[in-house]
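**Student:** Just dropping this structure here.
The values are calculated or read from the model by the stated rules, or taken from the named source; none is laboratory data. Being a predicted model, the structure only gives us computed values, none of them experimental. Here Cβ is always computed from backbone atoms with ideal geometry, including for glycine, and neighbour counts include all displayed protein chains.
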């Protein structure tokens, strides 16, 4: 019964959605779509309706259609909110934590990259700290902040800052000798050197750091939210697990994957706009 | 000549990770006039770019420095703008912004409008108006280089430094840019130093082409003046009568260096062992006051100090015996007359070329020309008197003795005679006699005079047989007289021993020039196994005032026997080149076409420097400056052939390329 209701919207909507792209981008769009379709079929075959264990795709769709798919923004108070709001709450934490990490990471990275002594002093420390798994920071941050939200943000911050620092440092250190020589011969002021040479030259590296950083923060937020609770996609998954709502978990995973992918794309799109042609 | 830039004895030493060091540049001395265009040319790895960076202030000289308009260069600055090899434009800035960045920073004091028009003007100058808004990524190599040149010129540098500016461009673009650069430089009278690989480019653009030898210890091998009048054009310069001569000269230099590089690459490297390869040496010497350093090194323990167990000083009968002793490996090393290592290397007479190394000058001066007392009685006091006597007695040919045809005595006597209009081969008869037989021959009237080292002049004076008409201080003060000579093979087999030998002798030379030691040395020299003559014939000049036997009061000659002071011991290449010209002048050897290579291999300033540094003494080679002897004829080390042509009395000059490793290759092929 549930399977039948789930099939209808799929067969009605997807062809329409496809036709808009079919004309010009068929060659690019078709292979992944076919792959997804094949995957779905295999999944459906492996988990037929009524089997114990994991639900099949049709079952997932049926169980989550109302309200989770069609009403992403419903709000029943407490933690009972639509997936859109859940994601938004997580993104907010990531946004704050990642922004702080970017600011601090780029700043520290430049400082370390330009000063050999500081580099020698701090680099070994960072190399050790960056290997600490994100969740290992959680207890200490809970102890320090006493509140769940700042703790989660801190975990984001501490997770994403290392790749940003390290890449920025490398970027600053890798400024081609030629550009430095130009600056030396022209006796550029520090400020001008910073703005016209150091930053532009390090930008590709900085963006590499940011991309890795955003990926890591999205990884960390899910785990952190599972533990600290409150509104957020991580806790949503955890909550669904506790209530044995496997379909909700699977749907949430799809959301998490898509959002992570989009975050990565946004950062790399920004990079492509900022980095000059010759540096790529 | 007002010096605008002086590169003052620059050394650049790079420390190596294994604790030793690599001497990239050695003793670079170059003075540049305002508005001059200088090219640095040489094989890759010769340190051209390093030198340019030192002038720019981007690199620091390990010793010496660069002086621009009387002020030492300590750091980079816009007065010495560089056009870098790979343009070094900032890829995130447009053409306009790249130039503006430089102009805004350097010309802060100008109002904004002026700066803008300067940028515009220079963009127009290199014809890039249509590309103002483009980024370097959108430009071709030639256009990028034009931007780099415009950026450099826009800030009005005093000195423009170009590091292979056109290296990466195609021939057509390069040609156009060269003319453009030339035009701009002429208009703005900017002084330029350019590093290049391209011989034609160097000739087209430069006033002087400075050729650097291969590293390690790269130094200036030759400087070529390019006297083509300006303004020049690419099509016209090739028609200049001396264009191809100059071009060939540079290419010949580069080929010599290439051959040298190959030889060094194939040379078996002896792994330096702890200690010396050989601790007992046989060293040949001729009984003369000049052998003092050898005697002192042995008797005062300098040989022992530097690790030798036993050194035999072999008293030889003649300079020829010394030459054959080295050739047959009977002796390890020897005191040689100054020209002998060069003459043996080129192949004097019928002999095969035998590379001889001299890394130490043992003494300078100390020779004199003695004529029979009969001439004195005839009123001969000067060279012109002597010429008159020769002219008067047409029926008689006077015979003068010299010690060896490649010795300074022969070359100097001939130079002295020729400068007085006496042809040493036609008007007199010169014969070779060992030094210790001179006085006896004079007494027996076999000869009428001679040029020899002490004590053999003073002995004739003391015995009233002759008088000294000139000492070498009158002819060329500071001339190299005796050198240490060893075969190149021996050096290659005993590198450590060789350095130790130089060090021992260098310290002995130092000891010899200490006036308070002279009495002691005199006692040593008088021993029968060394000079063995009476102290009173060694004393004049060495300790006491010098008596010429002319009735004048004896004169104190400060530097008559010079062993160490005034950079005595460095086997400089310029004086080596002078010796080569004189050997060729009298037909003793041909003039080697590859004279740079010959000098590099014979007069090993690098090995001398190594030994001197280990003793914490100065390792500087004298500058490559022109010099003159008593007659005022200027010898320019960049134009040896011109010097030879200007000398009236001489043989027909033979120029020959000397292939040093031919004999070796033959031996290898046969075995």
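**Student:** Working only within the stretch B:109-122, note down all residues that are touching a helix residue (DSSP H, G or I) at 6+ places or on another chain (Cβ under 9 Å) and assigned to a loop (DSSP other than H, G, I, E, B).
**Tutor:** Going through the stretch B:109-122, the residues touching a helix residue (DSSP H, G or I) at 6+ places or on another chain (Cβ under 9 Å) turn out to be B:110, B:112, B:115-116, B:118-122.
B:110 - this is the single residue of the stretch B:109-122 that is touching a helix residue (DSSP H, G or I) at 6+ places or on another chain (Cβ under 9 Å) and assigned to a loop (DSSP other than H, G, I, E, B).
**Student:** Also, I was wondering about something else. Could you check the stretch A:39-65 and list, in sequence order, the residues that are over 27 Å from the mean Cα position of the chain (by Cα) and free of Cβ contacts under 8 Å to residues at least 40 places away in the same chain?
**Tutor:** Those that are over 27 Å from the mean Cα position of the chain (by Cα) and free of Cβ contacts under 8 Å to residues at least 40 places away in the same chain: A:41, A:42, A:44, A:45, A:46, A:47, A:48, A:50, A:51, A:52, A:53.
**Student:** Residues B:99, B:123, B:118: which one is within 14 Å of chain A (Cβ to nearest Cβ) and either without any contact (Cβ under 8 Å) to a residue 60 or more places away in the chain or out of contact with any strand residue (DSSP E or B) (no Cβ under 9 Å at 6 or more places or on another chain) (or both)?
**Tutor:** Numbers: B:123 fails: within 14 Å of chain A (Cβ to nearest Cβ); B:118 fails: within 14 Å of chain A (Cβ to nearest Cβ).
Residue meeting the stated conditions: B:99.
**Student:** On to the next question. Got a sec? Which strands (runs of 3 or more DSSP E) wholly within the stretch B:136-246 have at least 2 residues that are more than 30 Å from residue B:107 (Cα to Cα), touching a residue at least 24 places away in the same chain (Cβ under 8 Å) and touching a strand residue (DSSP E or B) at 6+ places or on another chain (Cβ under 9 Å)? Even if it seems obvious, please write down each step before you answer.
**Tutor:** Numbers: elements: B:159-163, B:191-196, B:208-212, B:220-225.
Because the criterion is at least 2 residues that are more than 30 Å from residue B:107 (Cα to Cα), touching a residue at least 24 places away in the same chain (Cβ under 8 Å) and touching a strand residue (DSSP E or B) at 6+ places or on another chain (Cβ under 9 Å), the strands (runs of 3 or more DSSP E) in the stretch B:136-246 that meet it are B:208-212, B:220-225.
**Student:** Hey, among the residues in the stretch A:167-191 that are more than 21 Å from residue B:154 (Cβ to Cβ) and either touching a residue at least 60 places away in the same chain (Cβ under 8 Å) or not in a helix (DSSP H, G or I) (or both), which one's farthest from the other protein chains (Cβ to nearest Cβ)?
**Tutor:** Filtering the stretch A:167-191 down to residues more than 21 Å from residue B:154 (Cβ to Cβ) leaves A:167-177, A:190-191.
Adding the requirement that they be either touching a residue at least 60 places away in the same chain (Cβ under 8 Å) or not in a helix (DSSP H, G or I) (or both) leaves A:168-169, A:171-176.
On the way: A:168: 17, A:169: 20, A:171: 13, A:172: 15, A:173: 18, A:174: 14, A:175: 11, A:176: 8 Å.
Filtering the stretch A:167-191 for residues that are more than 21 Å from residue B:154 (Cβ to Cβ) and either touching a residue at least 60 places away in the same chain (Cβ under 8 Å) or not in a helix (DSSP H, G or I) (or both), the one farthest from the other protein chains (Cβ to nearest Cβ) comes out as A:169.
**Student:** Do any helices (runs of 4 or more DSSP H) entirely within the stretch B:427-534 hold 1 or more residues that are over 28 Å from residue B:609 (Cβ atoms), assigned by TED's automatic domain parsing to the domain that holds residue B:302 and without any contact (Cβ under 8 Å) to a residue 24 or more places away in the chain, and if so, which? Reasoning before the result, please.
**Tutor:** Working: elements: B:438-443, B:456-462, B:472-475, B:488-493, B:495-512, B:518-525.
Per the criteria, B:518-525.
**Student:** Kindly state which helices (runs of 4 or more DSSP H) lie completely within the stretch B:283-362 and contain at least 2 residues that are outside the structural domain of residue B:408 (by TED's automatic domain parsing) and more than 23 Å from residue B:573 (Cβ to Cβ). Lay out the reasoning, then the answer.
**Tutor:** Details: elements: B:292-299, B:302-305, B:319-327, B:340-346.
Counting at least 2 such residues, we get B:292-299, B:302-305, B:319-327.
**Student:** A follow-up question, please. Return the only residue of A:201, A:220, A:252 being surrounded by 21 or more Cβ atoms within 10 Å (Cβ to Cβ), out of contact with any strand residue (DSSP E or B) (no Cβ under 8 Å at 6 or more places or on another chain) and over 26 Å from residue A:154 (Cα atoms).
**Tutor:** Details: A:220 fails: over 26 Å from residue A:154 (Cα atoms); A:252 fails: over 26 Å from residue A:154 (Cα atoms).
Checking each option against the conditions leaves just A:201.
**Student:** Within the stretch A:192-221, which residues are at the interface with chain B (Cβ under 10 Å from one of its Cβ atoms) and under 17 Å from the mean Cα position of the chain (by Cα)?
**Tutor:** If we filter the stretch A:192-221 for residues that are at the interface with chain B (Cβ under 10 Å from one of its Cβ atoms), which is where we start, we get A:192-193, A:196-197, A:199-201, A:203.
Within the stretch A:192-221, no residue meets the criteria.
Results for (1) touching a strand residue (DSSP E or B) at 6+ places or on another chain (Cβ under 7 Å); (2) in contact (Cβ under 8 Å) with a residue 40 or more places away in the chain; (3) within 26 Å of residue B:555 (Cα to Cα), shown as yes or no for each residue.
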residue: B:308; (1), (2), (3): yes, yes, no
residue: B:315; (1), (2), (3): yes, yes, no
residue: B:318; (1), (2), (3): no, yes, no
residue: B:329; (1), (2), (3): no, yes, no
residue: B:339; (1), (2), (3): no, yes, no
residue: B:358; (1), (2), (3): yes, yes, no
residue: B:381; (1), (2), (3): no, yes, yes
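**Student:** Of (1) away from every other protein chain (no Cβ under 14 Å); (2) under 19 Å from the mean Cα position of the chain (by Cα), residue A:243 satisfies all except one. Which?
**Tutor:** Going through the list (1) away from every other protein chain (no Cβ under 14 Å); (2) under 19 Å from the mean Cα position of the chain (by Cα), residue A:243 breaks only (2).
**Student:** Continuing with the same structure: So, residue B:621, is that one touching a strand residue (DSSP E or B) at 6+ places or on another chain (Cβ under 8 Å) and crowded, with 21+ Cβ neighbours inside 10 Å or not?
**Tutor:** So residue B:621 fits the description; yes.
**Student:** Can you name the residue in the stretch B:9-25 that is crowded, with 18+ Cβ neighbours inside 10 Å and modelled with pLDDT of 90 or more and, of all such residues, is farthest from residue B:220 (Cα to Cα)?
**Tutor:** Taking the stretch B:9-25 as the starting set, the residues that turn out to be crowded, with 18+ Cβ neighbours inside 10 Å are B:10-12, B:23-25.
Cutting the leftovers down to modelled with pLDDT of 90 or more gives us B:10-12, B:24-25.
On the way: B:10: 11, B:11: 12, B:12: 14, B:24: 12, B:25: 9 Å.
Here the residue is B:12.
**Student:** Something else now. Give just the number: which of (1) buried (at least 23 other Cβ atoms within 10 Å of the Cβ); (2) out of contact with any strand residue (DSSP E or B) (no Cβ under 7 Å at 6 or more places or on another chain) does residue B:82 not satisfy?
**Tutor:** (2)
**Student:** Can you pull out the residues in the stretch B:71-96 that are facing chain A (nearest Cβ under 7 Å), under 23 Å from residue B:191 (Cα atoms) and in a loop (DSSP other than H, G, I, E, B)?
**Tutor:** B:76, B:77, B:78, B:84, B:86, B:88
**Student:** Take residue A:257 and tell me if it is more than 14 Å from every other protein chain (Cβ to nearest Cβ) and either at positive phi or surrounded by 18 or more Cβ atoms within 10 Å (Cβ to Cβ) (or both).
**Tutor:** When the stated conditions are applied, residue A:257 does not pass them.
**Student:** Okay, next question. Return a yes/no flag: does the stretch B:124-143 have any residue that is closer than 27 Å to residue B:206 by Cβ and modelled with pLDDT of 90 or more.
**Tutor:** Checking the stretch B:124-143: not a single residue is closer than 27 Å to residue B:206 by Cβ and modelled with pLDDT of 90 or more.
**Student:** Looking only at the stretch B:44-60, count how many residues are within 15 Å of residue B:221 (Cβ to Cβ) and either surrounded by fewer than 20 Cβ atoms within 10 Å (Cβ to Cβ) or outside the structural domain of residue B:260 (by TED's automatic domain parsing) (or both). Walk me through it before giving the result.
**Tutor:** Initial filter on the stretch B:44-60 (within 15 Å of residue B:221 (Cβ to Cβ)): B:45-48, B:51.
Checking the rest, the ones that are also either surrounded by fewer than 20 Cβ atoms within 10 Å (Cβ to Cβ) or outside the structural domain of residue B:260 (by TED's automatic domain parsing) (or both) come to B:45.
Residues flagged as within 15 Å of residue B:221 (Cβ to Cβ) and either surrounded by fewer than 20 Cβ atoms within 10 Å (Cβ to Cβ) or outside the structural domain of residue B:260 (by TED's automatic domain parsing) (or both) within the stretch B:44-60 amount to 1.
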